[in-house]
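The values are calculated or read from the model by the stated rules, or taken from the named source; none is laboratory data. Small disclaimer: the values here were computed from a predicted structure and weren't measured. Virtual Cβ from ideal backbone geometry, glycine too; neighbours counted across all protein chains shown.
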Amino acid sequence: MYKIATLNKISPVGLSHLSDKYMISDEVSCSSGILVRSQDMHEMELGKEVLAIARAGAGVNNIPLDKCADAGIVVFNTPGANANAVKELVIAGLLLSARNIPAALNWVGDLTENVGKTVEKGKSQFAGSEIKGKTLGVIGLGAIGVLVANAASDLGMKVIGYDPYFSTKSALSLYPTTEVKAEIKDVLPLCDYVTIHVPAMDSTKGMFNSELFSLMKDSAVLLNFSRDKLVNEKDLLAALEENQISRYVTDFPTDGIIGKDKIILLPHLGASTAEAEDNCATMAVEQLMDYIENGNITNSVNFPAVNLGPINGDNRIAVITKGEPNPIKLAAAMFADLSINAIVGNVRGEYGYALISTKDLVKSAPKVDGVVRVRVIQPDEM
């Protein structure tokens with residue numbers, strides 16, 4: 001039986017998908033798999049038993065990816081599982097800013113008498129604008145970005161997108177009315193609203209800085225429902241102070257922006273719906289089980305996608321490599337004495353993965369330079 005450790009509260013709906021081969025454990029270091037949401041794992045000691053970590057959500061900046069890769073621990077996330085929940089909150093953010101709703105709510109909440117007359121007399125101070133006919137720039141056209149772009153189009157907005165890694169899958173899902181630009185500098189000057197939907201990585205940290213703010217309309221609103229680190233806070237506050245942009249709406253409050261003018265803050269509600277939590281947990285559990293039982297990798301953030309389908313009675317050998325350009329060739333050479341039915345593999349950056357299917361009994365694996373971890377999966381061991 002496999003032990004699965006849970007960090008944070010994981011949806012019971014998701015956990016119900018664990019088969020009877022698994023048990024929930026409090027012992028992280030000796031578990032085969034870990035399910036996590038937002039808990040910081042950077043200082044956590046991970047034992048040799050840990051095979052994989054599944055993040056019930058999209059962002060993985062709470063997980064030490066390189067440390068895990070070097071230990072042969074596969075890290076999964078669940079892209080798209082919370083996409084609709086985030087999309088709906090982004091649309092809410094657009095309306096909050098366009099119609100001055102937060103200020104209006106605060107004002108009417110303080111009224112105590114003559115409410116009807118006071119409301120009619122004072123409502124003009126909160127007059128806003130409609131989003132229909134306005135231009136929205138969507139920076140990042142992944143699962144969430146595409147949904148936001150399409151929803152905005154349905155609401156009558158003109159949408160312009162930018163994504164240097166624009167995929168075929170996204171292109172097929174995106175409405176053809178959305179214009180996709182090759183450079184972000186060609187998007188920002190045209191937009192009344194700009195929404196960020198890119199992952200938080202070293203290359204994107206602080207990407208919205210003084211240079212990009214200088215390209216935006218002084219009436220533009222910036223929405224960030226991805227990660228706080230994507231926006232340089234010092235440059236943001238200066239841009240708001242100098243009226244380079246008009247407002248900032250974000251789901252990530254920090255000490256640096258709390259209580260500041262022209263900023264609308266939400267308490268990280270993006271994926272906080274029952275549906276999103278269930279979807280993320282279910283997807284995380286299924287990916288974790290597929291890797292543990294079959295050796296298949298889907299939606300990993302530190303290893304390539306590799307899939308041989310269900311194990312179906314054969315033995316499997318999972319080989320994790322580092323610095324090897326051809327993990328298939330290396331794995332085949334390591335087990336040249338076996339009758340190999342199938343072998344697949346791929347590389348992602350400096351890390352590689354190969355998966356072998358064989359009817360032969362695998363007794364041991366040779367030690368080879370460039371190999372991080374070897375795991376033998378037998379169908380009857382579960």
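Report those strands (runs of 3 or more DSSP E) wholly inside region 133-209 carrying at least 3 residues which are touching a Leu at 6+ places or on another chain (Cβ under 7 Å). Please lay out each step first, then the result.
On the way: elements: 135-139, 158-162, 179-181, 193-196.
Answer list for region 133-209: 158-162, 193-196.
Which one of these is at pLDDT below 95, among the hydroxyl-bearing types (Ser, Thr, Tyr) and either within 20 Å of VAL74 (Cβ to Cβ) or not assigned by TED's automatic domain parsing to the domain that holds GLY14 (or both): SER357, SER364? Spell out the reasoning first.
On the way: SER357 fails: at pLDDT below 95.
Just a single option satisfies the conditions, and that option is SER364.
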Candidate set: region 28-59, residues that are in a loop (DSSP other than H, G, I, E, B) and in contact with a Phe, Trp or Tyr (Cβ under 9 Å, 6 or more places away or on another chain); chosen: the one surrounded by the most Cβ atoms within 10 Å (Cβ to Cβ): SER31
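Table: residues versus (1) within 28 Å of PRO79 (Cβ to Cβ); (2) of a type in the set (A, V, I, L, M, F, W, C); (3) modelled with pLDDT of 95 or more.
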site: VAL231; (1), (2), (3): yes, yes, yes
site: GLU241; (1), (2), (3): no, no, yes
site: GLN244; (1), (2), (3): no, no, yes
site: LYS262; (1), (2), (3): no, no, yes
site: ASP278; (1), (2), (3): yes, no, yes
site: TYR291; (1), (2), (3): yes, no, yes
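Take ASN106 and decide whether it is farther than 23 Å from ALA271 by Cβ, among the polar types (S, T, N, Q) and in contact (Cβ under 8 Å) with a residue 24 or more places away in the chain. It would help to see each step written out before you state the result.
Values: farther than 23 Å from ALA271 by Cβ: yes; among the polar types (S, T, N, Q): yes; in contact (Cβ under 8 Å) with a residue 24 or more places away in the chain: no.
So ASN106 does not fit the description; no.
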Those residues of region 220-250 which are closer than 17 Å to ALA103 by Cα and among the charged types (D, E, K, R), in sequence order: ARG247
Subset tally (residues that are surrounded by fewer than 23 Cβ atoms within 10 Å (Cβ to Cβ), of a type in the set (Gly, Ala, Ser) and either under 30 Å from ALA92 (Cβ atoms) or free of Cβ contacts under 8 Å to residues at least 24 places away in the same chain (or both)) for region 283-310: 1
Top-ranked residue in region 159-205 [being surrounded by 12 or more Cβ atoms within 10 Å (Cβ to Cβ) and aromatic (Phe, Trp, Tyr); ranked as nearest to TYR248 (Cα to Cα)]: TYR193
Close pairs (9 angstrom Cβ cut-off, 6 or more residues apart or separate chains): at positive phi in region 266-282, surrounded by 15 or more Cβ atoms within 10 Å (Cβ to Cβ) and not hydroxyl-bearing (Ser, Thr, Tyr) anywhere: HIS268/ASP251; HIS268/PHE252; HIS268/PRO253
Tally, over region 186-233, of residues that are in contact with a helix residue (DSSP H, G or I) (Cβ under 8 Å, 6 or more places away or on another chain), over 20 Å from LEU94 (Cα atoms) and in contact (Cβ under 8 Å) with a residue 60 or more places away in the chain: 1
In region 284-306, the residues that are assigned to a helix (DSSP H, G or I) and over 13 Å from the mean Cα position of the chain (by Cα): VAL285, GLU286, GLN287, LEU288, MET289, ASP290, TYR291, ILE292, GLU293, ASN294
Selection count where residues are more than 24 Å from the chain's Cα centre (by Cα), charged (D, E, K, R) and either surrounded by fewer than 17 Cβ atoms within 10 Å (Cβ to Cβ) or more than 25 Å from LEU147 (Cβ to Cβ) (or both), scope region 225-269: 7
Some residue of region 125-141 being surrounded by fewer than 16 Cβ atoms within 10 Å (Cβ to Cβ), over 29 Å from the mean Cα position of the chain (by Cα) and without any contact (Cβ under 8 Å) to a residue 24 or more places away in the chain: yes
Candidate set: region 334-357, residues that are more than 35 Å from the chain's Cα centre (by Cα) and in contact (Cβ under 8 Å) with a residue 12 or more places away in the chain; chosen: the one surrounded by the fewest Cβ atoms within 10 Å (Cβ to Cβ): SER339
Pair list, Cβ under 9 Å, 6 or more apart: region 52-67 residue on the phi > 0 side of the Ramachandran plot, other residue surrounded by fewer than 17 Cβ atoms within 10 Å (Cβ to Cβ) and in a loop (DSSP other than H, G, I, E, B): GLY57/SER38
